[in-house]
1. Would you mind checking the radius of gyration and Dmax of the stretch A:44-176 based on alpha-carbon positions, in Å?
2. With +1 assigned to the C-beta of every Lys and Arg and -1 to the C-beta of every Asp and Glu, and no other charges, what is the dipole magnitude of the protein assembly as shown about the Cα centre in debye, to the nearest 20?
3. Rounded to whole Å and sorted largest first, what semi-axes of the equivalent ellipsoid does the C-alpha gyration tensor of the stretch B:33-90 yield via the square root of 5 times each eigenvalue?
4. On a C-alpha basis, how far is the centre of the stretch B:399-435 from the centre of the stretch B:30-51 in Å? Whole number, if you could?
5. Rounded to the nearest angstrom and ordered from largest down, what semi-axes does the equivalent ellipsoid of the protein assembly as shown get from its C-alpha gyration tensor (root of 5λ)?
6. Once you have a ≥ b ≥ c as the square roots of the Cα gyration tensor eigenvalues for the stretch B:113-230, tell me rounded if a/c is under 1.5, and otherwise prolate or oblate according to whether a/b is larger than b/c.
7. Return the calculated 222 nm mean residue ellipticity for chain B, to the nearest 500 deg cm²/dmol, obtained by summing -39500 (n - 2.57) across DSSP H runs with n ≥ 4 and dividing by the residue count.
8. Expressed as a whole number of Å, what is the distance separating the alpha-carbon centroids of the stretch A:254-320 and the stretch A:118-158?
Amino acid sequence: MLHQAVNTHHLLTWMTFFPLLTGLLILCLPDRRSALIRWAGVVGSLVPVLLAGYIFVAYQDSGTLAYVERYPWIPMFNIEYYMGIDGLSASLLILTALISFIAVVASWGINKQIKGYFALMMLLETGMIGVFCALDFFLFYIFWELMLLPMYFLIGIWGGPRREYAAIKFFLYTLAGSVLMLLAMLAMYFNSAIDGHHSFDLIAMSAHYRQFEEAGRILGFRFPLIVFAALFIGFAIKIPVWPFHTWLPDAHVEAPTAVSVILAGVLLKMGGYGLLRIGYSIFPQAAIYFSVPIGLLGVGSILYGAFCAMAQTDLKKLVAYSSVSHMGYVLLGIASLREASMVGGVMQMFNHGTATAMMFLLVGVIYDRTHHREINGFGGIGAVVPRYMGVMILATFASMGLPGLSGFISEIFVLLGSFRSDIASNAGSVWHFISFQNITIIAAFGVVITAAYLLRMLQKIFLGPLNPKYEALPDLNAREIFTLVPLGIAVLAFGVYPMPLIRLMGASLSKLAGFIMGSQM
Amino acid sequence: METNQLMHPWFSVLVLVLPLLASVVQLFAGKRLPRGGDWVSTMAIFAGFVLSLFTLMDMISRGGPGFRYEACFNWISFGSVNVTMGILVDSLAAVMLVLVTGIASCVHVFSIYYMHGEKRYPLYFAYLSFFCFSMLGIVVSDNLLMTFMFWELVGFSSYALIGFWFEREAAAEAQKKAFVVNRVGDVGFLIGLMIIFYTVGDFRLGRIFEAVANGTFERSIPIFGLPLLTLAGVGIFLGAMGKSAQFPFHVWLPDAMEGPTTASSLIHAATMVAAGVFLTARIYPMLTPEALIFVTYVGAFTAFMAATIALVQSDIKRVLAYSTISQLGYMMLGLGSGGYTAGLAHLFTHAFFKCLLFLCAGSVIHALHTQDMFRMGGLRKKMPVTFAAMLMGTLAISGVPFFSGFFSKDAILTQVLFRYFEAPQLLRLVPFVLGMGSAVLTAFYMFRLIFLTFFGTPRDEKIYGHAHESPLLATVPLCILAVFTLGFFWSGSVDIPLPSGEVKIPVGIVKQGWLEEMIVEPALLTTISAGHYGDSSPVKDEPMHEKAEHLVEGLSLLSAAFGILLAWLIYVKEAVSATAVRRRFRIAVLFLDNLWYIDRAYEAVIVRGLHRWNAMVLWFDQKVVDGLVNAMGCGGEWMGRGIGCFDRVVIDGAVNFTATASQMIGREFSRLQNGKIQGYVFIGILALCVYVLVGVM
């Protein structure tokens, strides 16, 4: 179907498996060489960053696949090792490499079983990068599960006091999603016929999406609708969408800083990516059919997450709920199926990744120094840690969508694009009485609530009279600044001039939006 | 668009960029620069002022109001989406540029005196420069998305400056309040933008107005039963209401006085709050008659409400804050009644005299270290320059002839009355009555301020003893600003025959000033050919307009005189005791003291309501949603235990039973094989007996 020159550089393979190789190497290192282990981790995650940098410079999305590698893997079931990226994944791949590297550097302070920790980090990175590169559903699923395991141990061993509860909750919740995905995958496999064979090839399935309409009903529902619904729930858990979000605050609160950074920065994006790559690309009509309920869930998440964040007194929980709120924009943007809103949605994933990673790093910084995260327990520390406050203000206002910072661009494009959507009125379906215009207007009120809780947080922590307990609080150190600066630059640069980011995704998403709208009969 | 170019089109871009550079320099290197780098910011803004002057001159020489310069570049483009960024310099923008940079220059110089010795002195100038950058961005922006972006940045710099002394609880609270309240209005702006993107697909003002003229908006489906164009206009105006502190969003402005007085004078009196009025003027062709009615009533009510509150304030800055709200209400009232030029003229005159009044207040506060007017008094001897300047500002705001406010305020009221004459219904008289009433109140509370502060005998000798006139660094900006409160600067010229020929000399009487020539309603511009802009008087029913003009002139003179006289009687002559008045009208005074209970109502309903609501949502989240999850987890666990139990007891039990039973049987039978011969014989006989018995039967 798609003819690409097979890339001989194996760029994506290197990017995916280099961390894994490093992880194996780390396992062979002696326990007491902790510095060596840390540096090995840094190198292991630096190589993908450099390759990602190359992609960022060289890649120009044209709506086709790039850096494709394709080999038969398990020929009996027509399973392939099929890697490649396009506009859906390129920006997220770059984000993953960057966040992983920063997370490794931010893990410097870990002292407990360093070897295991860094080996698991490397394994995690391989899983995450693999998910964004895999174009074969089976391969995708393997990577997806591969990342689950290290995450469980990282939270469960290196986490906070309630780490076991949080880890098990995370694991089971995600596993429930995985089961749905597995069922959907098998259903799709057995109902696909690409060149006369069953297939896991996501790209080919997207091209032959109409064959799924002829597939038999399941539990009385049309095949595409029920498989799409299963996939949606599977991915919605990851995003996370209300009401599947409650694993997130617990996982974040218990996870060590670096893991929180990865969790918010990368893991949440996999849900959105999976939805686009598999759900929306292969079942476009189901995407139209479900657009209004998905849009409503998006708006629900925006407001619900914001209200919950407003009621929080734990800093990390506040940021966690703000993630729920911000990821709601992603869902709204994707649901309304307009090119502007979809670009906004994917950009929002990237921008949320950078800004929220900053927030979690900053939460970690203050937790390291004061050993608590109670918002009301600080007070006026802006006077002693001006640099810390400055960076926090940058991250906060980026999440708030201040123009000139990255969050604004994505939020406004989601809102502008969604308002343009007329699917609901066209569908002639159950949803004709709700229009995307109304949904979007409600979503716009999210910006007020977001400002309210974030500014309250800033006020309680930094402003007002100084709490005498923290008169000698040290400001950011060099390593902390090193982890924050790249993210800060991304937040600022893509806020002022977002084209380099849009260049990575625009064509593919325009194509996808056109493809979905064109599938309407 | 005109084909000819400005001589220096990049001047306006430079004006915009210089303060940004200054701000960045101050932020990162301010501490290391000599004098905390105050000269960096000041020079940047002053250079901007000079460049703006050049631009304005150039503009005038090239065709005045008919001339516009536009340039833009593609900022974002993908698929069918294309968003540009660009500058638009027309007469309005050119005048605004001069105004903003000019006033800001004065404030920068005054700040060097006022903020001297502050802990975060360089940071203050970084904020101030950043504010200038964002404000100028609004002025030169050619599209509404860009305006919105700078709009938010203005909000951010205001947030930073209000909370400059963030160690104070009140300042920290005020900065949050300002930002959040502004954001509520900005949701309206956002909705307006969404409608424009939906219908027009382009944010450039020119394109939007084309679409308005072509009726593009009418072809779209109404939302919530409202026509889209009205909805978009009102939405954007809601944003303007936030920034310009119109009711019901006015609550943030008085609290914003927690910031340094210099910042208040620039941001919360002269420029940022004017941004809302400027924006309303910018989108003027978009505003439908229905939207304009909304603007009129919001403006009229705000003007009146804020003026009444100002009557009872005792904090000198708060009086000025409420007076600002009231004056902004006037501007909106003017714009809403179709007085495009009148509303903007008041914006310009007000910017100067309000900035002046605030800086004078700053001078007083800096000398006395108190803001309470009832602890001042008799200062006119100790601070003569400040007193003279402040008196001029007060005369201007009260609408006394020969001062600037007289022209602009009268123009607004004339227009409002003219509207009533056009269609005399009682309801349409309401805005005029409110406007006129506010004029009386304004004269009263402003002279109350002057009398309490500068006249009479000192009420607090200790404070009075410390008082001193401010140095030149402070008084020079005051004098410069004071010049611009004089009427002749704004008024038109009369031809006076001199021996050397007729000379145009501006006298502070003629109302048709140069502003009327420069600032022309966009709809009228199309009918005016460039070069003939001199006689651009709007097509109006002239006799009726003249009638309104004379009526207003008389009434406003009377009201100013009445207000001043009343203040004099109460606060200087003390013919009427202020306490007696307060007692007599105690219910009204209580109502005003509580600011019409608006802040209280917000606190009780919105803030507390939201807290309760949030707690409820969180409860729902933890108990219901997460409860369900945990219940499922527990359910799973119990099911597992149940299955485990079944497994252990029943299935494994059956297995074990079989094993145990066979073991027992084996054991019992094995007992028989004990190796004793008599036992075997016994069993053998027994077996035989059984055999025989069975056989017999």
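Taken together, the values in this text are just the output of simple stated rules run on the coordinates, not laboratory data. What you are looking at is a predicted structure, and each value in this text was computed from that prediction instead of being measured. Reconstructed Cβ throughout: ideal geometry from the backbone, glycine too, with neighbour counts over all protein chains shown.
1. For the stretch A:44-176, the Cα radius of gyration and maximum Cα-Cα distance read 16.5, 48 Å.
2. Roughly 2880 debye for the protein assembly as shown.
3. Details: eigenvalues 191, 112, 5 Å².
Three semi-axes, in Å: 31, 24, 5.
4. Result: 42 Å between the Cα centres.
5. Each semi-axis is √(5λ); the values are 69, 34, 29 Å.
6. Numbers: a/c = 5.39, a/b = 2.25, b/c = 2.40.
Taking the square roots of the gyration eigenvalues as a ≥ b ≥ c, the stretch B:113-230 is oblate.
7. Mean residue ellipticity, 222 nm, calculated: -22000 deg cm²/dmol.
8. 19 Å
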